[in-house]
Every structure is written in C-alpha cells, then in structure tokens.
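Here the structure comes first, spelled out in structure tokens, and everything after it is commentary.
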Amino acid sequence: MNAMGVRMTVEQVLALAPDDASRRAGSRLGTAGPWSGTGCDGGAFWGVCKGSGSSPYRTVVDTTGPAYSCSCPSRKFPCKHALGLLLLQAADGAAFEDSAVPDWAGSWLTARRGRAPGAAPRSGTGGPADPEAARRRAERRAARITAGAQELEQRLADLLRGGLAGAEQSGHGLWEETAARMVDAQAPGLAGRARELASIPGSGPGWPVRLLEECALTHLLDRAWLAADRLPAPFAMTVRTRVGLTAPADGAPVRDHWHVLAQYDASDARLTTRRIWLHGTTSGRTALLLSFGAAGRPPRLALPVGAVLEGEVTPHAGSGQLRAEPGEEFVPVAGPAAPPPGGPVGEALDAYGRALTEDPWLDSWPVTLTEVVPARAEYGWQLADADGREAVPLTPTAQSRPGLWRLVALSGGGPVTVFGECGHRGFTPLAAWSPESPGETVPLI
C-alpha cells in the first residue's frame, strides 16, 4: 500500500484513540463509505471525509511518526477522522492507491518533514541565547528551591513533633498550602511530595506507617538537595530531576527497532501525562517516552502498542536514564515482536532493588516476568512463578482495571509472559504474551 509495506492492525489503531468516545466515533468512519479522494505516497496517506457541514474534512496521516492533520475543529488528537482513516487503511489497504499528493496534504507534509533533523533551522526574533542571563536565572531558581526545601523540612519537623496521630485531624489544608508554596518555589517535585503526604492520613489500615515512610523519603530528598554540590554528579542529577528540574536529553542517541510495549495516561486537574514504554530489539535498552497535554487536552505523541518502529531516541541524564526524547520519525517495520527478555519474580525484585540504590525515590521499575501465573491470594491477585516458589502482588490500581481479567483469560491457568512496572506497592501489568502467540502483544491497560 505504501512505501513501507507495513500497516497497523485495528487493535493498534484503536489504542491511539485519546478516549472511548473517539474510539467509537472513529470506528464508525473506518469504512470506505464516508471517504473520497483517498491516496498514498511515500509513507503518507490521505482522504476527504464527508461531514455534517457543507465542506468535507481533509485528513492526512504521516506514518513516519505517526502524525496527523485534519481540517476539522476537534481538539482531540488524533481526531475521529484520523482514526477512521487509519482504520480504513488497516482493514482495506486496497482503498489507497499510489497517487500524486494533493496540494492541501503536500503543504502540511512538507512543513512537517522540514522540521526533521538536518533541516535548516527556523529564523526567529529572539536572537542567540545569553549564557550569562541563563546562569543568573538558574541561580535564582535554585535559591527559590532551597528556600522551599527548608520550609518543607520545617513542616515535617512540626508534623513529627506533634505526632502522626494528629495528622488525620489536621486535614488536607496545611499540606495543600505547603504544596502551593513549593510550586511558587518552582519545585514541582517537592509539591508532589507534599500532596502525597496530604493524601495518606486516614487512607486505610496502616496509614501511619505509610505516612512515616513518605516523610522519610521527603526528608531524604530535602537533605539531598541542600547538599547537592557535595554529591556524585550522576546522583546529584537524579536529585535535581526529583525536585522538578528538567534533566537534559544529552546522552548518545540510540537508533534501533523499538517494540512499543505499553502506552497509558495519568491525569490530574492540571496536566495529562502519557507514558510510552519501548524496548530496543537490538540494543536491549528499555526507554520511557513522556508526553504532556495541558488543560484537558490529550498529549500529542501516540504510538501503536505492539508495533515495531525504527527510530532514534536520546536518553536523559539522571534517574537511571530510562527517560528519553524521541526523534522526529518512527517508521513501522515488518515482523512479529517477541516479548523482551525477562526472568522469574525474584529477578524482577532484585532489579528494582538495584535501581533503588541509584534513585531511592523510584516508585517502580520496568521488568518482564516469564512463566508466571495470575492467581488469587488471601490479599488479592498476584503473579506467581510457575513452580510456586515466589510471587508478587498486583497493585490495588491494577486489581481494579479490566486488564486484570484480560490477563486471567489469556493465561487460562497456565504460564504467560508479562511486562509491567514493579515497585514497593506491587506489580502493575501493562502487556502480556501467551506461549501460543509469542509475537502478539496483548495490552493490559
């Protein structure tokens, strides 16, 4: 159909939808009926979709990304028309014949691909950056964060002096005020810690223990920031990222065939954060791509789970160097995607423990469990080694998701391979593979 000869599956397309409503609306447009003027050329395809208004919607998809453009007014990304066009391509590649690119699609493709690496930089009015001014701004922000860390230390001391039992009576107000002051200090990581402290009192059996643990981690982060100039450089960078400073993506770029293992969103009142896990089939490297959407908008980066994409990522510094920035293009490549190498439960717990030595504030670590069986235990669901020697509980969040039942059905009481995040709260399964279909990635979230 196109220059790559690789099409997404219907499941992979639906995984790109920003919400269930878009998924349903896109599915209704995934047939040839609403479309005209479809065509493809050089890794892009397009079409014109009849809508409710007098003017049809022009939609184009660049598969080297993927990226989308549509003339509809929707703020969702991808919109239902882009999803419908992708579904039509997945179901019927013959609907797209090689043809000349229409002007309306060509102008967008040219502008997009002109931003690829190696293209001439855009002219701007800001002029070159002033290093001295940047240094002064960084010093002022560091001073504000230091003041915030000192204030948070005083707040922790007051809490412990008064006793943890009083935390349940004091309510969220004081901690929310503290979090707001950390935001003013430009330390969003410390603000997040303060909000976590606010949520623990009265949150169920054992909350005083959890509160004390979180107080200890917050105190450790405060003290580490205040002594950052005396820490080893890699650990100091991890501390900076944990208080909220952005670590540079200055590692050596890694080009590989990347298996998209999982994609999911986490939202609060301010921001939607999308996490995409990749595994390099040649390098063996695991990479985390983060994308953000503000004011209720979905993040723009979306990759089809289970696909194998050729592209380049650049690692960030600090925090185990899992986070990476994607290059301009990801090109789908053919071939089934086997699960990443893994091991039994004990090896996964050891991997998380080793990661904690580099980043004590790490909530979880990506691991692959092989030959594990989902089973119900006294405290809830767990994943146990096939020989029954060791098991890891599923997190409360994972036990409340429909993906748990998808995993149980896939297992059928037998061993499966599961990729997910292993942390102090348990294991969150994100994707699974059965022995019968090791090349088929089953998303669990």
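Taken together, L290, L221 contain a single residue that is touching a helix residue (DSSP H, G or I) at 6+ places or on another chain (Cβ under 7 Å) and within 24 Å of Q186 (Cα to Cα), which is L221.
If you go through region 174-206 and pick out every residue that is part of a helix (DSSP H, G or I) and in contact with a Gly (Cβ under 7 Å, 6 or more places away or on another chain), you end up with 5. Looking only at residues of region 234-248 that are touching a Leu at 6+ places or on another chain (Cβ under 7 Å) and of a type in the set (A, V, I, L, M, F, W, C), we find that the one that is surrounded by the most Cβ atoms within 10 Å (Cβ to Cβ) is V243. When A191, A143 are screened for being in the same structural domain as T238 (by TED's automatic domain parsing), without any contact (Cβ under 8 Å) to a residue 12 or more places away in the chain and either under 29 Å from A247 (Cα atoms) or polar (S, T, N, Q) (or both), only A143 passes. The single condition among (1) modelled with pLDDT of 90 or more; (2) surrounded by fewer than 16 Cβ atoms within 10 Å (Cβ to Cβ); (3) closer than 18 Å to H424 by Cα that L231 does not meet is (3). The set of residues in region 392-445 that are farther than 18 Å from T370 by Cβ, in contact (Cβ under 8 Å) with a residue 24 or more places away in the chain and not in a strand (DSSP E or B) comprises T395, P396, T397, A398, R401, G403, L404, R406, H424, R425, I445. With respect to V331, determine if the residue is touching an Asp or Glu at 6+ places or on another chain (Cβ under 6 Å) and in contact (Cβ under 8 Å) with a residue 24 or more places away in the chain. Here the answer is yes, as V331 does meet what is asked. On the basis of being exposed (fewer than 10 other Cβ atoms within 10 Å of the Cβ) and at pLDDT 80 or above, does G163 make the cut? The answer is yes for G163. When the residues of region 367-404 are filtered to those that are touching a Phe, Trp or Tyr at 6+ places or on another chain (Cβ under 6 Å) and of a type in the set (V, I, T), which remaining residue is farthest from E421 (Cα to Cα)? Restricting to residues being touching a Phe, Trp or Tyr at 6+ places or on another chain (Cβ under 6 Å) and of a type in the set (V, I, T), the top hit is V392. Scanning region 57-90 for residues that are aromatic (F, W, Y) and within 28 Å of E310 (Cβ to Cβ) yields Y68, F77. Scan region 71-85 for residues that are at pLDDT below 90 and either among the basic types (K, R) or buried (at least 19 other Cβ atoms within 10 Å of the Cβ) (or both) and the total you get is 4. Which numbered condition in (1) at pLDDT below 95; (2) crowded, with 16+ Cβ neighbours inside 10 Å; (3) under 25 Å from L211 (Cα atoms) is the only one that T428 fails? So the condition that T428 fails would be (1). Every test in (1) crowded, with 16+ Cβ neighbours inside 10 Å; (2) not assigned by TED's automatic domain parsing to the domain that holds T282 is passed by G380 save one, and that test is (1). Looking at this structure, is D41 surrounded by 16 or more Cβ atoms within 10 Å (Cβ to Cβ) and over 30 Å from the mean Cα position of the chain (by Cα)? Taking the combined requirement at face value, the residue satisfies it. Filtering region 321-376 to residues that are part of a loop (DSSP other than H, G, I, E, B) and of a type in the set (D, E) leaves D359, D363.
Among the candidates R323, R389, the residue that is in contact (Cβ under 8 Å) with a residue 24 or more places away in the chain, within 23 Å of the chain's Cα centre (by Cα) and not assigned by TED's automatic domain parsing to the domain that holds A228 is uniquely R323. A single entry from A25, A21, A95 fulfils the requirement of being at pLDDT below 90, surrounded by 15 or more Cβ atoms within 10 Å (Cβ to Cβ) and over 28 Å from G327 (Cα atoms): A95.
Screening L197, L174, L190 for residues that are at pLDDT below 85 and either surrounded by 15 or more Cβ atoms within 10 Å (Cβ to Cβ) or aromatic (F, W, Y) (or both) leaves exactly one candidate, L174. For H316, the conditions (1) under 26 Å from R141 (Cα atoms); (2) exposed (fewer than 15 other Cβ atoms within 10 Å of the Cβ) are fulfilled apart from (2).
Within region 22-56, the residues that satisfy the criterion of being charged (D, E, K, R) and either within 28 Å of L309 (Cβ to Cβ) or outside the structural domain of L85 (by TED's automatic domain parsing) (or both) are R23, R24, R28, D41.
Taking every residue in region 9-31 that is in contact (Cβ under 8 Å) with a residue 12 or more places away in the chain and pairing it with any residue that is of a type in the set (K, R), at least 6 positions away or on another chain, the pairs with Cβ-Cβ distances below 7 Å are L14/R23; A17/R23; P18/K76; S22/K76; S22/K80; A25/K80; G26/K80; L29/K80. Of the residues screened, L221 is not one that is of a type in the set (A, V, I, L, M, F, W, C), farther than 16 Å from L174 by Cβ and assigned to a loop (DSSP other than H, G, I, E, B). Screening L362 against (1) under 28 Å from G439 (Cβ atoms); (2) buried (at least 18 other Cβ atoms within 10 Å of the Cβ) leaves a single unmet condition, (1). Pairing each residue of region 336-355 that is at positive phi and outside the structural domain of P435 (by TED's automatic domain parsing) with any residue that is of a type outside the set (A, V, I, L, M, F, W, C) and assigned to a loop (DSSP other than H, G, I, E, B), provided the two are 6+ apart or on different chains, yields no C-beta distance under 9 Å.
The values are calculated or read from the model by the stated rules, or taken from the named source; none is laboratory data. Since the structure is predicted, the reported quantities are computational estimates derived from the model, not experimental observations. For neighbour counting, all protein chains shown are included, and Cβ atoms are generated from backbone atoms with ideal geometry for every residue, glycine included.
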